[in-house]
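The values are calculated or read from the model by the stated rules, or taken from the named source; none is laboratory data. Everything numeric in this text was worked out from a predicted model, so none of it was measured. A quick note on method: Cβ atoms are made from the backbone with ideal geometry, for glycine too, and the neighbour counts reach across all protein chains shown.
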Amino acid sequence: MEKADSISGNRALFHRILREGPAAICTFELVRNFTVQRLIVAGILAVFPPAMMFLILIVPRLMGATMSVNAPELLILVLVSISCFLSLLLWSSTIVDADLEGRTWVYIASRPWGRVSSLFGKYLASLFQCWAVSLLAICGSVLVAYVAGDLGRDSVRLCLLLMAVFGVAAIVYNSVLSLFGVYFFRRAMLACVAWALVSELFLASVPAIVRFISVRYHIQELVFHWIGWLIPDPEFGEIYRGVYGDFGIWFHLGILAAISVVTMSAALWWINHHEYLSAEES
Amino acid sequence: MIELQCVTKLYRSVIGVNDINLSLTPGAWGLLGPNGSGKTTMINLILGQLRPTIGRVLLFGQNPWKNGHLLRRIGLCPAVEPNLVHVNALQWVTCLTRMHGFTAADARQRAIASLTALKVDYAMHRPMREYSLGMRQRVKLAQAIAHDPELLILDEPFNGLDPVGRYEMTNYLKEWVRLGKSLILSSHVLHEVEAVNPSFLLVSGGRLLASGSPEDVRRMLADSPGQIVIRTDKPRILASHLMRDCPVNHVRLGTDGETVEVSAESALAIRTSLPGILAETGATVTELHSADESLRNLFSTLMRYHRGEG
């Protein structure tokens with residue numbers, strides 16, 4: 001009877017901590033990041049895509065050139081992707097190392113299920129930051145393209161769809177980078193960049209089943225389904241479908257959800273079963 | 001409360017702790033040992049932050065590595081200084097208290113109460129980069145007690161505290177023990193730990209060398225080799241008598257012309273003979289203290305005993 005009470009007590013404590021712990025860490029991280037230096041970094045990431053759009057679409061015209069860009073949407077997609085990836089790289093890949101270097105890990109880890117709270121809390125904090133960066137970057141980029149006259153009336157719709165795409169992409173990429181941050185905690189950024197080059201640049205483009213393990217392929221498919229302008233030529237669209245197949249939105253969303261769940265579960269398992277030592281201790 | 005059964009912890013080829021067996025009952029315990037002796041490793045093993053390479057650790061009867069909920073009953077004040085420059089103490093302590101499962105409002109109340117109890121509430125809204133070492137030490141303790149733990153583990157808590165801070169910290173810890181709560185106080189300075197009057201665990205080289213009451217440790221200290229500095233009005237006469245009557249290794253006259261430095265295999269023998277010598281010579285002693293304040297001599301003696309060389 002006493003043992004059963006103790007188990008149910010622990011379960012209640014676990015649920016309470018699972019509710020409060022990540023929220024505490026997330027709030028703390030967001031407050032901690034609200035400094036001039038970090039806001040400047042976030043600002044640079046958010047301003048980079050619109051600034052590049054301005055340089056590519058408007059500056060040449062101001063200088064008298066009569067060029068036009070065929071798919072400004074694609075340009076927005078690429079530039080915002082770079083910003084979002086860098087944002088996640090800064091905040092998710094340092095999930096453990098930042099605490100070890102800042103000597104705060106021992107304080108977090110000595111809380112009940114503190115490692116779990118830290119993982120989820122930092123995941124949420126970096127997700128919110130990435131969403132904020134992508135929101136500003138998308139709005140700015142679409143505005144520049146609209147002012148340049150390269151986008152039609154459906155700019156608002158495009159803006160919303162891009163937000164949805166980047167919203168989903170941030171969730172999945174954040175999980176993958178969190179796993180790298182937990183596993184390769186000392187060289188996490190390097191590992192993330194290597195993974196991006198191999199998986200997201202190379203594997204995602206391979207017309208074989210192996211592309212399914214990349215995140216970009218599924219995001220690309222969502223873009224194709226939701227926005228449709230990625231392959232404007234119907235004939236090329238058919239060739240594309242012949243090579244890459246046609247699986248529907250829910251299939252890709254399902255795969256992305258699975259990637260997210262699997263990587264976060266792996267990160268959770270690893271963070272709970274690994275002895276993290278600071279550079280001095282090790 | 002805590003049991004370590006044949007516990008060894010290896011960091012690759014380096015030994016953190018070596019074949020430690022101990023059983024700690026609720027109460028106050030002082031973990032004494034030189035820097036690098038394995039105290040922090042032992043604390044991390046107790047907290048389940050490290051897994052023993054060999055042996056078993058039990059905290060409140062359960063394996064701490066697998067039972068995260070046990071940490072709810074513990075408050076840890078580590079030796080490391082957190083590098084938090086922009087946040088203030090209230091934000092940090094509230095966050096860490098909330099991680100114990102308290103709501104944001106409740107955690108904030110508890111954080112304020114613990115910062116007030118440690119007299120740093122006046123600065124709790126200021127960024128922590130502006131804090132002195134002593135203030136940071138108090139904030140570290142505040143985060144450890146805010147959730148009202150049963151067992152408080154402190155790793156070098158007196159570092160950076162001025163004499164007043166040390167006095168207040170000692171009083172706080174004494175009160176903690178008086179309330180019937182448990183305490184493990186880790187330090188490399190005996191008199192800091194002694195002030196709280198706990199039972200002692202002496203650790204060196206990753207081994208548990210001895211354990212016992214404060215009286216036991218004082219006896220061991222007295223019996224161990226050591227250097228004594230005696231300030232007197234007749235240093236030369238006292239030196240010659242000490243050399244004649246006591247088993248000393250060497251006697252040296254201080255450069256100030258008022259002190260005698262005596263090195264002996266047993267400090268106790270000197271202390272026993274000294275009253276007789278003073279009576280005989282008529283010398284007046286104004287000061288008598290150990291030349292080395294650390295426990296190094298005691299530890300080296302215990303290590304020799306441990307290796308069977310004693």
Yes or no: the stretch A:48-56 includes at least one residue that is within 28 Å of A:Val116 (Cα to Cα) and either out of contact with any strand residue (DSSP E or B) (no Cβ under 6 Å at 6 or more places or on another chain) or within 9 Å of chain B (Cβ to nearest Cβ) (or both). no
Do we have B:Leu50 as assigned to a helix (DSSP H, G or I), surrounded by 23 or more Cβ atoms within 10 Å (Cβ to Cβ) and modelled with pLDDT of 85 or more here? no
Scan (1) outside any helix (DSSP H, G or I); (2) touching an Asp or Glu at 6+ places or on another chain (Cβ under 9 Å); (3) of a type in the set (Gly, Ala, Ser) for the single condition A:Ser117 breaks and write down its number. (1)
Boolean, B:Leu152 is touching a Gly at 6+ places or on another chain (Cβ under 7 Å) and assigned by TED's automatic domain parsing to the domain that holds B:Leu32: yes
Suppose we keep only residues that are farther than 14 Å from B:Gly206 by Cα and within 14 Å of chain A (Cβ to nearest Cβ) within the stretch B:24-58. Which one would you say is farthest from the chain's Cα centre (by Cα)? B:Arg51
By residue number, the members of the stretch A:15-31 that are surrounded by fewer than 17 Cβ atoms within 10 Å (Cβ to Cβ) and at the interface with chain B (Cβ under 7 Å from one of its Cβ atoms) are A:Arg16, A:Val31
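State yes or no: is A:Val78 away from chain B (no Cβ under 14 Å), surrounded by fewer than 15 Cβ atoms within 10 Å (Cβ to Cβ) and closer than 27 Å to A:Ile219 by Cβ?
yes
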Exactly one of A:Trp91, A:Trp113, A:Trp105 is away from chain B (no Cβ under 14 Å) and among the aromatic types (Phe, Trp, Tyr), and that residue is A:Trp91
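Taking the stated definitions as given, is A:Val210 out of contact with any Phe, Trp or Tyr (no Cβ under 7 Å at 6 or more places or on another chain) and in a helix (DSSP H, G or I)?
Considered against the rule, which asks whether it is out of contact with any Phe, Trp or Tyr (no Cβ under 7 Å at 6 or more places or on another chain) and in a helix (DSSP H, G or I), A:Val210 comes out as yes.
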Taking the residues in the stretch B:77-93 that are under 26 Å from the mean Cα position of the chain (by Cα) and more than 8 Å from chain A (Cβ to nearest Cβ) as candidates, determine which candidate is nearest to B:Leu141 (Cα to Cα). B:Cys77
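In the set B:Ile20, B:Ile74, which member is more than 21 Å from A:Ala98 (Cα to Cα), touching a residue at least 60 places away in the same chain (Cβ under 8 Å), crowded, with 21+ Cβ neighbours inside 10 Å and at the interface with chain A (Cβ under 8 Å from one of its Cβ atoms)?
B:Ile74
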How about the stretch B:59-71: which of its residues are more than 9 Å from chain A (Cβ to nearest Cβ) and out of contact with any Lys or Arg (no Cβ under 7 Å at 6 or more places or on another chain)? B:Leu59, B:Gly61, B:Gln62, B:Asn63, B:Pro64, B:Lys66
Subset of the stretch B:130-178 [part of a loop (DSSP other than H, G, I, E, B) and over 21 Å from B:Leu70 (Cα atoms)]: B:Tyr131, B:Ser132, B:Glu156, B:Pro157, B:Phe158, B:Asn159, B:Gly160, B:Leu161, B:Asp162
Confirm whether A:Leu160 is surrounded by fewer than 23 Cβ atoms within 10 Å (Cβ to Cβ) and assigned to a helix (DSSP H, G or I). yes
Could you check how many residues of the stretch B:94-118 are more than 10 Å from chain A (Cβ to nearest Cβ), in contact with a helix residue (DSSP H, G or I) (Cβ under 7 Å, 6 or more places away or on another chain) and touching a residue at least 40 places away in the same chain (Cβ under 8 Å)? 1
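Each row is one residue, and each column tells you yes or no for (1) in a helix (DSSP H, G or I); (2) among the small types (Gly, Ala, Ser).
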site: A:Asp150; (1), (2): no, no
site: A:Gly167; (1), (2): yes, yes
site: A:Val172; (1), (2): yes, no
site: A:Val176; (1), (2): yes, no
site: A:Leu190; (1), (2): yes, no
site: A:Ala194; (1), (2): yes, yes
